[in-house]
Amino acid sequence: MTARTTAEDILAVTEVLLAERAARDLAQWDEMRRSFLDDSEVRVSWFGGTGAEFVDASQRMYDAGGRSFHEVGAPLVQIRAERALAHAGATVHLRASVDGVEVDVASRGRLYWRLRRTDTTWQIARLEMLYHKDTIAPAEPSRQIPAEVAAAAAGTRAAYRYLGLVLRAGGHRIDQDLPGTDRPDLVDRFLSAHCAWLTGA
């Protein structure tokens with residue numbers, strides 16, 4: 001294989017990341033599937049498993065009416081030989097109905113990707129999110145979110161409180177041990193693990 005320059009690799013990695021997120025938003029499942037390695041892993045609020053399983057679960061969610069879209073900022077990419085670590089600020093937007101009120105939820109955090117170079121391209125080896133905070137608002141400004149909604153969210157993780165509320169209402173189990181700014185101990189371990197992976201430690 002002819003080695004690419006660093007600039008070419010950074011561009012190639014960035015294209016894979018953005019293509020995977022765009023494919024999920026646009027329900028282009030074959031394109032999304034091509035972004036992941038066979039032994040890849042995904043760990044986000046509502047899902048934990050392989051990349052292929054994540055694509056299948058995303059398609060089932062979409063077919064059941066679950067809709068979301070992702071705003072992704074410019075990624076920072078680090079490359080060491082055949083490995084790449086990338087991360088970018090991101091906001092996940094969802095619309096759902098909670099107790100009969102249509103709501104919009106915005107979940108803000110930072111997406112982290114591990115990638116490995118194959119013979120022909122880069123592919124995702126791991127996808128995770130570091131959660132910062134989320135907000136909820138009625139889609140129709142004249143409506144009010146029922147008090148029961150706030151009560152149901154009380155006592156849950158602040159980093160993804162309303163995201164979890166909406167996803168649980170859709171029948172999803174939410175991992176309560178994800179890295180988030182409300183749990184600095186988890187963030188430290190999360191970042192250390194990514195750095196160790198990149199250097200092969």
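Being under 30 Å from Ile79 (Cα atoms), at pLDDT below 95, open to solvent by 60 Å² or more (accessible area, probe 1.4 Å) and in a helix (DSSP H, G or I) is a condition met by at least one residue of the stretch 181-199. When Thr118 is tested against (1) open to solvent by 40 Å² or more (accessible area, probe 1.4 Å); (2) in contact (Cβ under 8 Å) with a residue 40 or more places away in the chain; (3) more than 18 Å from the chain's Cα centre (by Cα), just one condition goes unmet, and that condition is (1). For the stretch 34-51, a residue qualifies if it is over 11 Å from the mean Cα position of the chain (by Cα), among the small types (Gly, Ala, Ser) and not in a strand (DSSP E or B), and the qualifying residues are Ser35, Gly51. Restricting attention to the stretch 123-131, does a residue exist that is in contact with a strand residue (DSSP E or B) (Cβ under 8 Å, 6 or more places away or on another chain), open to solvent by 20 Å² or more (accessible area, probe 1.4 Å) and among the β-branched types (Val, Ile, Thr)? Within the stretch 123-131, not a single residue is in contact with a strand residue (DSSP E or B) (Cβ under 8 Å, 6 or more places away or on another chain), open to solvent by 20 Å² or more (accessible area, probe 1.4 Å) and among the β-branched types (Val, Ile, Thr).
Among residues of the stretch 17-43 being of a type in the set (A, V, I, L, M) and buried (at least 20 other Cβ atoms within 10 Å of the Cβ), the one that is nearest to Leu130 (Cα to Cα) is Val42.
The values are calculated or read from the model by the stated rules, or taken from the named source; none is laboratory data. As the structure is a computational prediction, the values presented were derived from the model and not from experiment. Note: ideal-geometry Cβ built from the backbone for every residue, glycine included; neighbour counts use all protein chains shown. Heavy atoms of the whole protein, side chains included, go into the accessibility calculation; ligands, DNA and RNA do not. Shrake-Rupley method; radii C 1.70, N 1.55, O 1.52, S 1.80 Å.
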